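Here's the structure we're looking at; comments come further down.
The values are calculated or read from the model by the stated rules, or taken from the named source; none is laboratory data. Worth saying up front: this structure is predicted, and the values here are computed from it rather than measured. A quick note on method: Cβ atoms are made from the backbone with ideal geometry, for glycine too, and the neighbour counts reach across all protein chains shown. Just so you know, the surface numbers come from the protein's heavy atoms only, side chains and all, with ligands and any DNA or RNA stripped out. Shrake-Rupley method; radii C 1.70, N 1.55, O 1.52, S 1.80 Å.
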Amino acid sequence: MPVTMRTFENLWVDYQPERTGMADFWNKRAPSFNDHVRREASREHRRLLVGHIARKAQLDPSGAVLDIGCGPGSHALELASLAGSVEGFDIAPKMVELAKENAARDGCANAHFQVLDWSHADLDDQGWRKKFQLVLASRTPAVNDRAALEKMIAASCGYCCMISQVDTRHSVRDHLKTLVDWDAHKERISRSFYCAFNLLWLMGHYPEVEYMDRAWESDSSLEEAELMYLRYFESMGPLSPQQKENLTRTLVKISRDGRVHESVQTKVAIMFWAV
């Protein structure tokens, strides 16, 4: 089969993880996720990453930045010290609430946040068409098809950047994969990063890709761990009642004092292109 834009567009659609209930999922995870990204080790990594991206985008104090799927504003607030203004949005209201609190705490008056679904966003209504020197989408399912990618490009007057984890080792999650009918091939080709790169190339852009290695330790309540891992595995296909029971039983078994500890090693991919 010849490799065409339609090939990768269809691939993206065919292997799109289930997004129903995404806002509710991230509302529940927002407090612990915010605690993690506000830790100094996480912030130091982000300062280096954001500084690198800002230099490539030739960002200056007059430039505007759009952060798609901003979460609690971690990247947006780092960029706020380097840009004239930053707009961030997320589908989860609790994430946006935390982003506003973090902006107030950090004294970032030039960072603004709202609840918004990228698939329904109207660039003209928002006044965002060709407005931003940098449009960023970091580890977000919001850019999940060709239309979302094209809208990202349409919002930029300078550069776009996508960040994704492309190779990750989780001490707990990898063990849980043995309890389900895990399809490693489907997992790999379903990644938005893979499809986006090929679509961009076929659209006439020349995306650059860089990689960074990162490792961290995470600690979750048993309740949140169950929510997180069941959501992850169900995003790739339905689980049987027995599989769900086995996953829950295993998490209870490996937990200590109601907490689940995990070691994570990942390769972060940074894709950058000029508009």
The aspartates and glutamates whose Cα lies under 18 Å from the Cα of residue 267, excluding any fewer than 8 residues away in the same chain, are 44, 167, 174, 187, 208, 210, 213, 217
I'd like the distance separating the alpha-carbon centroids of the range 77-123 and the range 163-184, in whole Å.
30 Å
So, over other residues within a Cβ distance under 11 Å of residue 273, counting Lys, Arg +1 and Asp, Glu -1, the net charge is 0
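If you roll a 1.4 Å probe over the chain with all protein chains in place, what percent of the accessible area is carbon or sulfur?
Values: 6910 of 13420 Å².
C and S atoms contribute 51 percent here.
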Rolling a 1.4 Å sphere over the protein heavy atoms, what is the accessible area per residue of the chain, to the nearest Å²?
49 Å²
Based on Cβ point charges of +1 for Lys and Arg and -1 for Asp and Glu, what charge dipole magnitude is obtained for the chain about its Cα centre, in debye rounded to the nearest 20?
360 debye
For the chain, restrict the atom set to alpha-carbon positions and state the Rg and Dmax in Å.
18.8, 56
What is the magnitude of the charge dipole of the range 28-106 about its Cα centre, with +1 placed on the Cβ of each Lys and Arg, -1 on the Cβ of each Asp and Glu, and no other charges, expressed in debye to the nearest 20?
240 debye
How would you order 194-200, 149-155 from highest to lowest mean count of nearby Cβ atoms within 10 Å?
194-200, 149-155
In the chain, if the dipole is taken from +1 on Lys/Arg beta carbons and -1 on Asp/Glu beta carbons about the Cα centre, which of 261, 99, 221 is farthest to the positive end?
261
Got a sec? Charge dipole of the range 36-150, +1 on Cβ for Lys and Arg, -1 for Asp and Glu; which of 115, 73, 144 is way out at the positive end?
73
List the lysines whose alpha-carbon lies under 20 Å from that of residue 28, not counting same-chain residues fewer than 8 positions away?
94, 100, 244
Cα-centred dipole magnitude for the range 49-185, charges only on beta-carbon of K, R (+1) and D, E (-1), debye, nearest 20:
320 debye
